[in-house]
Amino acid sequence: MKKFLSANEAVAHAAVQAGCVVASAYPGTPSTEILENIAKFKDTVRCEWAVNEKVAMETAIGASMAGARSLTAMKHVGLNVAMDPLMTFTFVGPLGGMVVVSADDPGMHSSQNEQDNRNLAKFARALLLEPSDSQEAYDFTVKAFELSERFSVPVILRLTTRTSHSASLVDLGDFHPAPHPLLPYKKDIRRNIPVPMFARGQRVNAQKRTEAMEREANVSEFNKVVAPAEGTAKLGIVTSAVAYQYVREIFPDFPILKLGWTNPLPKALVADFAKKVEKLLVVEELDPFLEDQIRAMGIAVVSHKTELNMLELNADRLQNLRHELLGDVPAAKEPKVAEGLPTRPPVLCAGCGHRGVFYVLHKLGATVTGDIGCYTLGAFPPLDAMDSTICMGASIGNAAGMKKAGLTGRICAVLGDSTFFHSGMTGILSAHYNGTPVTTVVLDNRITGMTGHQDNPGSGKTLDGSPAPVTEIDAIARACGYTKVATVSADDLGELERVLKDAMDGDEGALIIAYAPCRIAAKLTKEGLCEVDPEKCKACGACFKLGCPAITRGEEIAPGRFKMAIDANLCAGCKQCSQVCKFGAIKRVR
């Protein structure tokens, strides 16, 4: 059976084929599609969105401890959140096979930082596999469950944006989804409760296990030498993951040691390969993870000036490397950018309720600590209403820290509903407990918008579409001790201004829920249509300060001064622009 699959889809099929029983994750690009595709096999795998990556990891650990095969998936920064349980579970060790998918994002296509989670795999003493395409993503995942059980170790499957989202033909073999039989659970406090007296022995066992895994890595079929039909041994290249694809394209005439099992490093295999070539080159994406270890073995590695270990790798950079080292190819041409074209930055969707909140916060001159989500776009002109973004849930602690530091003026933390459930609840509790009067605005659109409209505890549905209890954010705030709690329509600019001004100017903590459904997720993109009366429009430009993509330039009445027009194909009828216009030139017609 063959299918055309992305690596994310291939991992999902492999998990089902390998008999995964429980899968838990928090959505995050580029990993999101893994759980969404596993959920299509809901009769086979118990699959769920957890409120954050730590809980997802702990759920997978619990399933493994019960003897079930389990999987958890997250983007690279999500693994930071989940490292606490992972670090301890590598001491304890799985019973049922457990796979942790870390999808790194070189080049930061949709992330706030760039990190190489191969380092975290080594740090945690986990087994690390790195597929270079969809077929390997499938094969490695199936094998990962077996390796996890054999060595009693969590297996980290590291993808990157290119492998996650690139598709190719995958041979699924005899695909028969069926849960793997549970291994018998037996109470064992020496194994499952790593208090110091037990954990010391587990630390020794972890080292012995690492040595055993390295011996296996040296003979694994995932590590192999790819030699050209006719070539030279003057230069040999060690590489892994998607970097292998670029090496094969630019250096097809040299022997390559392709590593798919990269932690523990198969040192004997690397040393043997190095003996067979005159010079050794290491090509990898992001950190010199392999190169540093190979140099530490006393093996000389070719140095070069071409930058490889920063941002996303591509064929042009490899061509420049070959030009530098061998001089037998020209340097890659610099991409030409047409002059005079306007920039096209991402913007909040037409009708997005977040826009009104940021418009009002800017008007009130607030210092706004932001968070991770669509609403990060509120930082850019013309809204210009966000001062910081660090990580999921950080907005509240950041605002509290500013208050504690003595920063004066209006201060406000903003975050989305899914982010509030992820890690915002602890923030408001800590601020209240410590008597820090922070104003928090939850931009509640009842969906996890940025990663593709996944459900969360406030949406009333689970991952597979089953009904779920709705968690009310205001009830959580009151349970944490807040008395100033209000819900206001995010499209009502006047009421938003009144409520936010009262909250930020007050002397107690406040939680404001600015509610408006995501118009794309709720299919409200054509709920209404606003029009401009050109006779009443004074070309004052106030409406342009909303930054709505439906608002366009109309008639030019003076050099650089335009009347307003509304693109009927984009307008969602939210009426925010009509509230900004002081001349009554905008009205909703449908």
Taking placed amide H atoms and a strict 5 Å upper bound, the residues 5 or more places from residue 587 or on another chain that come that close are 531, 533
If unit charges are put on Cβ atoms (+1 for Lys and Arg, -1 for Asp and Glu) and the dipole of the stretch 144-303 is taken about its Cα centre, the option from 184, 246, 274 lying farthest towards the positive end turns out to be 184
Taking R0 as 56 Å and r as the Cβ-Cβ distance between residue 303 and residue 461, the FRET efficiency 1/(1 + (r/R0)^6), rounded to the nearest 0.05, comes to 0.55
Taking 54-67, 200-213 and ranking on average Cβ neighbours within 10 Å, highest first, one gets 54-67, 200-213
Here the gain from full extension of residue 192 to residue 502, 0.36 nm per residue of separation minus their alpha-carbon distance, amounts to 106.5 nm
The distance between the Cα centres of the stretch 392-420 and the stretch 178-192, in whole Å, is 43
Per residue, the convex hull enclosing the alpha carbons of the stretch 254-374 has a volume in Å³ of 224
The rounded separation in angstrom of the Cα centers of the stretch 458-530 and the stretch 1-45 is 32
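If you take every DSSP beta bridge fully contained in the chain, what fraction is antiparallel? Give it as a percent rounded to 5. Before the final figure, lay out the partial values.
Numbers: 21 of 74 bridges.
Counting DSSP beta bridges with both partners in the chain, the antiparallel share is about 30 percent.
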Taking the chain and counting helices only, DSSP H stretches of n ≥ 4 at -39,500 (n - 2.57) each over all residues, the nearest-500 ellipticity at 222 nm comes to -10000 deg cm²/dmol
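Quick one: grab the alpha carbon gyration tensor of the chain, order the square roots of its eigenvalues as a ≥ b ≥ c, and give me rounded if a/c is under 1.5, else prolate or oblate depending on whether a/b is larger than b/c.
It comes out prolate by the Cα gyration axes.
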Residue-ordered couplings for the stretch 423-431, obtained by feeding phi - 60° into the Karplus form 6.51 cos²θ - 1.76 cosθ + 1.60 and rounding to whole Hz (Gly and Pro as x), are 7, x, 4, 5, x, 5, 5, 5, 4
If each K or R counts +1 and each D or E counts -1, the residues other than residue 109 whose Cβ falls under 14 Å of its Cβ total -3
Diffing the stretch 467-480: the Karplus 3J(HN,Hα) column from phi (6.51, -1.76, 1.60, θ = phi - 60°), in whole Hz with x for Gly and Pro, holds x, 9, x, 8, 8, 8, 5, 5, 5, 5, 4, 5, 5, 7
Once both label points are put 7 Å beyond Cα along the C-beta direction, the residue 2-residue 167 separation in nm becomes 1.6
Rounded to a whole number, the Stokes-Einstein D of the stretch 2-217 in µm²/s (Kirkwood radius over Cα pairs; 37 °C; 0.692 mPa s) is 194
Subtracting the Cα-Cα distance of residue 208 and residue 453 from 0.36 nm times their residue separation yields 83.8 nm
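Going down the table (305/336; 75/484; 54/122), which pairs top 26 Å between alpha carbons?
75/484
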Once residue 109 and residue 388 are pulled to full extension, the length gained, defined as 0.36 nm per residue separation minus their Cα-Cα distance, is 98.5 nm
Rounded to one decimal in nm, the spacing of the 7 Å Cα→Cβ label points at residue 526 and residue 175 is 3.5
tail above 20 Å in the computed P(r) of the stretch 223-325, as % of all Cα-Cα pairs, reads 30
Between residue 326 and residue 487, the two model label points (7 Å from Cα along the beta-carbon direction) sit apart by a distance in nm of 6.5
Kirkwood Rh for the stretch 530-588 from C-alpha pairs, in Å, is 11.2
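Values in this text are rule-based calculations from the coordinates and carry no lab data. Here the structure is a predicted model, which is why all the values come from computation and not from measurement. All Cβ positions, even for glycine, are placed from backbone atoms using ideal geometry, and neighbour counts span all protein chains on display.
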